[in-house]
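Structure first, commentary second.
The values are calculated or read from the model by the stated rules, or taken from the named source; none is laboratory data. Given the structure is predicted, the values throughout are model-derived calculations rather than measurements. Here the Cβ positions follow ideal geometry from the backbone for every residue, glycine too, while neighbour counts run over all protein chains shown.
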Amino acid sequence: MTSKRAWALAILLLLTSFALVTSWALILRPIQVNILMPASIAKSTAGLVRQFNNDHHGYINLQVTQGPQDTEAMSDLAISSLLLGKSPYDALLIDVHWLPKYARAGWLTPLDPWIEQQEIDSLAPGAQLGNSYDDHLYRWPLMADMGLLYWRTDLISKPPRTPEELVKVSQRLQQEGKVPYGYIWQGRQYEGLSCVFLEVLDGFGGQWLTPGTDAVGLDSSASVKAAGWLRDLIISGVSPEAVVNYSEPETLQAFKSGDAALMRNWPYAWGEVQKDNSPIKGKVGVTTMVAAPGHTSTATLGSWGFSILKGSSNPEAAAEAIAFLTSTYAQKQLFLNYSYTPTKATLFKDPELLSKSQILPDLAKALQHTEQRPQTPVYAQISDVLQRQLSSILTSQGELKTAMDRAQVNTEQILLAAGETR
Amino acid sequence: MIQLLLLPAALLIALIFGIPLLRYLWLSFHADSVITSLVAIPNNGANWFRLFNDQRFWQDTYQTARFAFVSVSLEIFLALGIALLLDQRWRGRGVVRAITLLPWALPTTVMALGWRWIFNTPNGPIEQFAKLIGLQHLYGLQDLNILANPSLTWLATVVGDVWKTTPFVALILLAGLQTIPNDLYEAFDLEGGKPCAGLFKITLPLLQPYLLLGLLFRLAQAFGVFDLIQVMTGGGPASSTESLALYAYLNAMRFLDFGYSATVMIASFLLLVFICLFGWLVIHQTKHFREVVK
């Protein structure tokens with residue numbers, strides 16, 4: 001009898017201690033945080049992630065999932081994971097123009113509890129844009145990104161400031177036989193074309209969508225002028241016909257091989273043209289986009305930023321990881337090693353960064369003139385409509401005014417339908 | 001009793017085909033988009049009303065049909081030649097038969113990227129060749145710009161599709177050719193028939209069911225074309241190559257408008273059913289025709 005009881009006691013003791021040890025181990029197990037990033041950014045931040053995991057050993061384990069490089073493919077992956085209901089990721093890097101859509105779909109957690117107002121104020125003016133929707137902060141930028149005009153310092157003494165100057169200087173260089181083409185940009189029917197157009201449109205004094213209202217300005221005279229200017233670049237031979245199939249990589253490739261004196265691209269291109277194997281290394285300057293006299297030049301706001309997903313079970317830990325990856329220290333590393341433009345205002349005056357990079361002041365200037373793409377959950381639709389009509393203008397399929405009128409009507413219809421069901 | 005044995009298969013079909021189809025049909029009568037916070041709200045057929053007035057849907061229908069009919073006709077024509085050749089006895093036939101299947105074995109994305117490079121301006125081989133023979137001067141152009149010219153680009157996608165799927169049709173036709181007994185040809189020969197006439201009097205009539213089978217398979221596939229277009233042109237330039245499947249995909253994944261995306265899908269499914277029904281009727285006719293020949 002007693003031996004039986006002793007056995008039972010022993011087993012009970014064993015089981016209890018086993019359960020205790022397991023739960024202890026479970027409590028001590030580091031919190032898992034998984035962030036989805038495009039492959040190139042995942043690679044650039046790998047060192048910082050390792051550092052974060054060392055500092056938080058046994059407490060937080062940050063894992064980065066490498067997504068596709070292509071922005072649209074990245075969006076497809078993120079969206080299909082979100083549609084599952086329970087996403088395997090705690091946070092995502094999202095492109096600036098996805099924010100209203102993601103926030104409206106109810107996929108994101110507001111970051112307000114973790115980010116103080118003074119931190120928002122510490123960002124450069126351009127980097128403060130595009131992070132909020134409906135008065136909540138949903139996104140924290142990893143880098144600043146905006147459209148830039150690249151120019152060849154060995155061919156031109158100072159960059160063109162107006163659309164007219166741009167055409168003139170291009171044609172002069174072409175006539176002198178110094179370059180086959182003057183200016184190259186992204187004319188393919190995709191999101192990049194909307195970015196290009198927004199800069200030209202603002203440069204002519206127009207507006208795509210007046211913020212806070214549903215007033216569409218695509219059939220305005222400024223808008224028709226802007227689209228006409230882009231079309232005439234191709235007709236006059238300042239831009240190659242192939243530009244209507246160019247996205248960023250093709251544009252960069254052509255500029256690198258000396259096909260053109262001017263290029264519209266994002267800051268990442270700077271790192272590429274300054275590489276040792278680049279034939280135009282040291283012969284390139286950057287500035288902001290041209291604008292008609294009396295109007296200010298504009299840079300379309302791009303950039304990737306972190307958002308925490310509503311389904312995440314560890315939002316605090318995710319916020320801590322994001323805070324580290326976007327800290328002043330991290331931004332310095334990312335700028336020095338991968339030329340990711342910083343977002344903190346103070347870094348643009350940092351002597352170490354200034355001594356390493358000659359274009360930092362130009363970037364700071366461009367960042368003061370950034371313009372957001374329309375902030376609406378149906379942005380993808382209205383951008384698609386615009387791209388479609390612009391592409392038909394650029395390929396001479398559609399008449400200029402008719403096509404822009406159609407873009408106007410279609411955009412109004414989309415906004416109206418979105419408003420009705422709200 | 002036999003019907004009972006078919007039950008598992010029927011259940012499987014209902015599970016992987018019937019349920020999603022019904023769900024899509026249901027969805028096509030609801031507003032389910034980012035605006036409704038991804039909640040499905042009945043909207044009394046507003047999606048269908050929108051579809052009938054959607055110029056873009058009709059343009060895409062035309063573009064998809066154009067792509068499907070031109071590429072499938074070319075494929076059948078070329079595949080017939082290849083199948084006839086591969087059916088003859090000659091040295092090395094086995095190796096050539098295997099090689100012929102290679103394009104079919106390649107993933108579409110990979111081969112579409114390849115074609116995008118081939119048609120690239122100004123560095124692609126086609127453009128270089130056109131320059132060599134001065135083709136572009138015919139049109140007074142500097143470059144042909146195949147992938148940037150809305151009236152040419154769809155032909156480039158047809159070329160890609162024909163290259164990839166002709167082997168598939170050739171395989172079906174080759175199988176068909178092997179079912180034709182040799183004694184028919186021998187008898188025809190004894191009666192003094194010319195080999196060329198044999199093609200039209202024996203081969204083609206007996207091959208008809210296989211031709212129609214290939215046609216049906218390929219039409220269904222070509223009508224739902226997505227990956228080739230997505231990789232090669234992304235639907236551009238000026239949306240001149242956008243297919244119905246691409247439009248449905250844009251609505252779902254880019255615009256987060258699942259209600260309308262489902263409507264586009266169901267509409268293109270109905271169109272496809274209509275086309276296949278037509279094909280089936282023709283096959284039915286030929287079966288009868290074949291009996292008469294026998």
**Prompt:** Is it the case that A:V169 is surrounded by fewer than 22 Cβ atoms within 10 Å (Cβ to Cβ), of a type in the set (A, V, I, L, M) and outside the structural domain of A:A323 (by TED's automatic domain parsing)?
**Reply:** no
**Asked** Tell me, which residue of segment A:70-90 that is at the interface with another protein chain (Cβ under 9 Å from one of its Cβ atoms) and at pLDDT 90 or above is farthest from B:R254 (Cα to Cα)?
**Response** A:S80
**Fill in**
A:I280 passes all but one of the listed conditions (1) assigned to a helix (DSSP H, G or I); (2) closer than 29 Å to A:T45 by Cα; the exception is number (1)
**Asked** When segment A:328-344 is examined, which residues are found to be part of a helix (DSSP H, G or I) and either touching a helix residue (DSSP H, G or I) at 6+ places or on another chain (Cβ under 8 Å) or on the phi > 0 side of the Ramachandran plot (or both)?
**Response** A:T328, A:A330, A:Q331, A:K332, A:Q333, A:L334, A:F335, A:L336, A:N337, A:Y338
**Prompt:** How many residues does segment A:183-223 contain that are in a helix (DSSP H, G or I) and within 14 Å of another protein chain (Cβ to nearest Cβ)?
**Reply:** 4
**Prompt:** Inside segment B:54-119, counting only helices (runs of 4 or more DSSP H) that do not spill past its ends, which hold 1 or more residues that are farther than 30 Å from B:A148 by Cβ?
**Reply:** B:55-87, B:93-100, B:102-105
**Prompt:** Being free of Cβ contacts under 8 Å to residues at least 40 places away in the same chain and at positive phi, is that true of even one residue in segment A:210-221?
**Reply:** yes
**Message:** Quick check on segment A:201-220: of everything there that is among the aliphatic types (A, V, I, L, M) and under 14 Å from A:V385 (Cα atoms), which residue is surrounded by the fewest Cβ atoms within 10 Å (Cβ to Cβ)?
**Reply:** A:L209
**Flag if B:V225 is of a type outside the set (D, E), touching a residue at least 24 places away in the same chain (Cβ under 8 Å) and not in a helix (DSSP H, G or I)** = yes
**Item:** Residues satisfying the stated conditions in segment A:113-136, i.e. surrounded by fewer than 19 Cβ atoms within 10 Å (Cβ to Cβ) and not in a loop (DSSP other than H, G, I, E, B)
**Value:** A:Q117, A:Q118, A:E119, A:I120, A:D121, A:P125, A:Q128, A:H136
**Fill in**
Filtering segment A:382-407 down to residues that are in contact with a helix residue (DSSP H, G or I) (Cβ under 8 Å, 6 or more places away or on another chain), in a helix (DSSP H, G or I) and over 22 Å from A:G147 (Cβ atoms) yields A:S392, A:L400, A:K401, A:A403, A:R406
**Request:** Determine which member of the set A:D276, A:D232 is modelled with pLDDT of 95 or more, more than 25 Å from the chain's Cα centre (by Cα) and more than 14 Å from chain B (Cβ to nearest Cβ).
**Result:** A:D232
**Prompt:** Going by the conditions given, is B:M232 over 29 Å from A:P100 (Cα atoms), of a type outside the set (D, E, K, R), surrounded by 16 or more Cβ atoms within 10 Å (Cβ to Cβ) and within 14 Å of chain A (Cβ to nearest Cβ)?
**Reply:** yes
**Prompt:** Among B:L174, B:L199, B:L219, B:L207, which is assigned to a helix (DSSP H, G or I), among the aliphatic types (A, V, I, L, M) and modelled with pLDDT under 90?
**Reply:** B:L199
**Prompt:** Among the residues of segment B:229-249, which ones are over 10 Å from B:Q63 (Cβ atoms), at pLDDT below 95 and either aliphatic (A, V, I, L, M) or assigned to a loop (DSSP other than H, G, I, E, B) (or both)?
**Reply:** B:V231, B:M232, B:T233, B:G234, B:G236, B:P237, B:A238
**Request:** Please state which one of A:T411, A:T395 is closer than 23 Å to B:L38 by Cα and either in contact (Cβ under 8 Å) with a residue 40 or more places away in the chain or in the same structural domain as A:W98 (by TED's automatic domain parsing) (or both).
**Result:** A:T411
**Prompt:** Which of the residues that make up segment A:290-336 are farther than 30 Å from A:F197 by Cβ and touching a Gly at 6+ places or on another chain (Cβ under 8 Å)?
**Reply:** A:K310, A:G311, A:Q333
**Complete:** Residues in segment A:177-203 that are without any contact (Cβ under 8 Å) to a residue 60 or more places away in the chain and in contact with a Leu (Cβ under 9 Å, 6 or more places away or on another chain) total 1
**Any hit, segment B:104-116, residues being within 14 Å of another protein chain (Cβ to nearest Cβ), free of Cβ contacts under 8 Å to residues at least 40 places away in the same chain, surrounded by 15 or more Cβ atoms within 10 Å (Cβ to Cβ) and out of contact with any Phe, Trp or Tyr (no Cβ under 9 Å at 6 or more places or on another chain)** = no
**Message:** If a residue must be touching a strand residue (DSSP E or B) at 6+ places or on another chain (Cβ under 8 Å), not basic (K, R) and not in a helix (DSSP H, G or I), how many such residues does segment A:349-381 contain?
**Reply:** 8
**Asked** Mind checking whether some residue in segment A:360-382 is away from chain B (no Cβ under 14 Å), buried (at least 20 other Cβ atoms within 10 Å of the Cβ), on the phi > 0 side of the Ramachandran plot and of a type outside the set (A, V, I, L, M, F, W, C)?
**Response** no
**Request:** Determine, yes or no, whether A:D214 is more than 30 Å from A:G177 (Cα to Cα), in contact with a strand residue (DSSP E or B) (Cβ under 6 Å, 6 or more places away or on another chain) and not assigned by TED's automatic domain parsing to the domain that holds A:D134.
**Result:** no
**Prompt:** Of the residues that make up segment A:321-333, is at least one small (G, A, S), more than 19 Å from the chain's Cα centre (by Cα) and at pLDDT 95 or above?
**Reply:** yes
